[in-house]
Structures are given as C-alpha cells and as structure tokens.
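Chemist: Questions regarding the structure given below will be posed in turn.
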Amino acid sequence: MSKQKHIVILGAGYGGLLSALSARERLTAEEAKITVVNKFDSHQIITELHRLAAGNVSEKAVALPLSKLFKGKAIDVKIGAVESIDPDNRKVALEDGTSYGYDVLVLALGSETNFFGIPGLKENSFTLKSAAEANRIFAHVKERLRAYRVSKNKADVTFVIGGGGLTGTELVGELADELPGYCREAGVDFEDVSLYLVEAMPTILPMFSPELIQRAVTSLENRGVKFLTSLPITEVNGSVVTLKDGRTIETNTLVWTGGVQGHTLVANCGIEVNRGRASVNEYLQSVSHPDVFLAGDCAVVFGPEGRPYPPTAQLAWQMGELVGANIAASFRGTSMRPFAPVFSGTLASLGRKDGIGAVGENGIELKGAPASLMKKASNARYLSHIDGLFALAY
Ligand code: NAD
C-alpha cells in the first residue's frame, strides 16, 4: 500500500464502533485514516436503554464516551448529524456544513422507528432509541406522578407501551418494578396506576416458545401489567389512544416500541436497497457500490433459508468486526471473508430480577434468575470486548 486511505464510518453504534476498532487493529495510521461520524458523543448500549428509562441504571452505564473508547487509537471522531450521502461522488455532507471524501465508506446508521403511518402516533408518543430519549421518558414518568397528586387526572397515572416486542416488553418489566417506589416518593397510591402493554398480534415476544411467553406474561401480570393483545393501536389523538376494536385509553404517557425500519438516509442515498435496507454481498459490501460497506440494522442480510435476519445488536457487532477486517483485506489485496453469523440466542429481561431466554445452538430455555444473570453477563462480555469497562464509573 502506498498512499494513506481514508475510511469514513457513519454511526458509532454496535456496527460502527466495531468496524472502527476492527479496522484500526489491522491497519496502521500511515495506512489508513479513520473518521467516525456520530450524532452523539457516546456509544450507546441501546439494549439497556429500558433500564435508563425506568431510572434503574445511570446514564454512564449505557452511554460510553467515544473520546475514551477511541483514546490512543488514532481514530478521529466527528460529532454531527449526517445530512446527505453521495456514493457516486464518494462524498458525505453533515448538517453543520462539514463534508468528507472517502476511499471506503461504512454505513452503520442503525434503524429508525417505524410509525406505520398511524395517525397522530409520531406526534404523541415517546420512543426509546437513545439515552436522551430514555432520560426524557424517566423524567416525564416522575413528573406525571407528581402532577397526579394535584390533578387526580387518571391520564397522568396511565402508562401505555405500544408494541410487545423485546423493546416494549423489557421496558414494561422495568417500569413494573420501579413504579411502586416512584409512587411512594410522589405520594401516589400504586393502586391508581394503570400500566398497559398493547400488542397488535395475539401474543407478545413471538420469538419464544409458548411456555416462555406464558411465563413472561404471568410474571408481568403479577407486578400489575395489563396486556391488551390482538389490538393494534390505530390512532392517537392528543392523549387519546384508539385501539382496533374502537376502545380508547386516555394517557399522558404513550411509549411507542412497535417496530423499526431501515435508515432513511441510507434508503435514499442511491445504493441498492431492499425494502429500505441496503442490499449487501457476502463480504458486507453494497451490491451496487463495493467501496461502501454496511454494518448493523441499515443493511439486510439473508439467512440460508432466504429469510432476512432480524436486526439485532449481536448481528451488528459481528458485522462491524468483519467489515473492519474486510476493509483491511481489500486495501492489501488479500481475500475477504464471507459473513457467517453466530447466534448465541435471545434473552429478554423482565425487570430487575426476572427474564427469559433461549440460548445456544439448541435454544436451551432459561427463565428467572439464570436468564436475568445471563443477560447481565452478555452485556458485561460486550463491554469488556470493546474495552468499555474502563470508561464506566457507576
Ligand atoms: P419489534 O418489531 O421486534 O416488535 C414490535 C412489536 O410491536 C411487534 O410485536 C408488533 O406486532 C407490535 N406492533 C406493531 N404495530 C403495532 C400496533 N399498531 N399496535 C400495537 N402493537 C404493534 O420491535 P423492537 O422490540 O423494537 O425490536 C426491534 C429489533 O431489535 C428486533 O430485531 C429485536 O430482536 C431487537 N431487539 C433485541 C433486544 C434483545 O436482544 N434483548 C432488545 C430490543 C430489541
């Protein structure tokens, strides 16, 4: 290699962070300049945001400063929002007017919330996609409880989570654990609180066995969660949430966790996409622009049965590692490796002490403390892997 190449990485979530670290491990600063662009100054552990939203962990535990993670690694960080991506001219522009040319671009911008065009939903709901949004939910919940003491308005103590996937169920579990304490603090009777999980399909968490799903439902019901299943939210008008059967719930707190979609910037930048997510070859290069690599939720990867893998943190992490290695290989003219994901299973926390999971190749089922501990261990493993532990100050 003669001239120094420039790798620009958009996004510092699981895919972007690991792409940067993995590329830097293999390429010297003389060989490659690496610039990571991210809209926040931290790498956010989004699989733990439900705990922050319920006030169960500190922000420091889920938002690791990029300056510390990249310290001494010759990786430039630019905090800013991407405005446009022009893969034909190899140019990226940020909202603040900065622009970058590149030899190789990594798109790792993650996913966006999908509101499915439901009237009033976007305008009247919270989402849980960043530490800032989690903080907002937490502050709002506490404020509504305080307000209720005076208002006695039932909407102030009615909390609705829309969507019973992993995000919604983990959040409702955390809130079920914490709300009784916050009610005591605010001088509110917990009996007055209604905590709903609304799900369009007949069941929450369809990726688990019926037995584990029942276990989750029972555990959450015992802590006061009310399930409304087979009932999509069809409209939100101010504080009134309408369900498919026509019934309404009045709430001042609706958190929407009903689904994700590919990133708009990636979907519209001119690279080949499949239903809004970038199409990639086996080496995780864009099929239309081989100098663009993809890591994480903004790409779609198909399994051997032809079905797309769900966009998960473990997949994004593994994609990022391979992208860094394949970029180094492409610079050196050596062989790139095909993506061969390893699935360690799925774990769902159901509050501080409970959880369910199906782990390992055979999907061994876990419930209760073992699942909860395994989930914590999997987070700790990730943090130690990215060398993040030193950046934490609990
Ligand atoms: P999701 O798409 O997995 O779940 C959304 C849920 O909302 C679905 O059950 C859907 O039926 C429901 N829904 C859709 N429209 C609705 C409506 N109008 N009214 C009521 N319910 C409606 O979304 P997610 O939970 O945010 O997860 C996104 C991705 O992230 C998934 O691939 C998931 O596996 C991953 N994830 C993983 C973890 C973990 O491993 N612990 C945690 C969070 C997210």
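Chemist: How many nm separate the modelled label positions at Phe116 and Glu191, each set 7 Å beyond the Cα in the direction of the Cβ?
Modeler: For Phe116 paired with Glu191, the spin-label model returns 3.6 nm.
Chemist: Also, I was wondering about something else. Taking 0.36 nm per intervening residue step and subtracting the Cα-Cα distance, what contour gain separates Ala93 from Thr28 on full extension?
Modeler: 20.8 nm
Chemist: When each pair of different Cα atoms in region 150-212 is counted once in the 1/r mean, what is the Kirkwood radius in angstroms, to one decimal?
Modeler: Here the Kirkwood hydrodynamic radius works out to 13.0 Å.
Chemist: Rounded, prolate or oblate: which fits region 65-137, taking a ≥ b ≥ c as square roots of the Cα gyration tensor eigenvalues, rounded meaning a/c under 1.5, else prolate when a/b beats b/c?
Modeler: On the way: a/c = 2.77, a/b = 1.48, b/c = 1.87.
The shape class here is oblate.
Chemist: Considering only protein heavy atoms and a 1.4 Å probe, what is the carbon-and-sulfur percentage of the accessible area of the chain?
Modeler: Details: 8880 of 17410 Å².
Whole-percent figure for carbon plus sulfur exposure: 51.
Chemist: Across region 94-197, what fraction of all alpha-carbon pairs, as a whole percent, falls in each successive 10 Å bin from zero upward?
Modeler: 12, 37, 27, 13, 8, 3, 0
Chemist: Rounded to the nearest 500, what is the 222 nm mean residue ellipticity of the chain from helices alone, with -39500 (n - 2.57) per DSSP H run of 4+ residues and division by all residues?
Modeler: It lands at -9500 deg cm²/dmol.
Chemist: What whole number of Å gives the distance from the Cα centroid of region 174-190 to the Cα centroid of region 35-65?
Modeler: Measuring centre to centre over Cα atoms gives 24 Å.
Chemist: Report the extension gain between Ser209 and Glu59 in nm, rounded to one decimal, defined as 0.36 nm multiplied by the number of residues separating them, less their alpha carbon distance.
Modeler: 50.7 nm is the gain from fully extending Ser209 to Glu59.
Chemist: Ignoring ligands, DNA and RNA, what accessible area per residue does the chain give at 1.4 Å, in Å²?
Modeler: Ligands and nucleic acids excluded, the figure is 44 Å² per residue.
Chemist: Once both labels are modelled 7 Å past Cα along the beta-carbon direction, what's the Arg337-Thr218 spacing in nm?
Modeler: 4.3
Chemist: Another one. For the chain, what size does the Cα cloud have along each of its three principal axes, sorted from largest down, in whole Å?
Modeler: 71, 48, 42
Chemist: Considering the Cα positions of region 247-394, please state its Rg to one decimal place and its Dmax as a whole number of Å.
Modeler: Cα radius of gyration and Dmax of region 247-394 are 18.6, 62 Å respectively.
The values are calculated or read from the model by the stated rules, or taken from the named source; none is laboratory data. Computed from a predicted model, the values in this text were never measured in an experiment. For neighbour counting, all protein chains shown are included, and Cβ atoms are generated from backbone atoms with ideal geometry for every residue, glycine included. These accessible areas exclude ligands, DNA and RNA; they are computed on the full protein's heavy atoms, side chains included. Shrake-Rupley method; radii C 1.70, N 1.55, O 1.52, S 1.80 Å.
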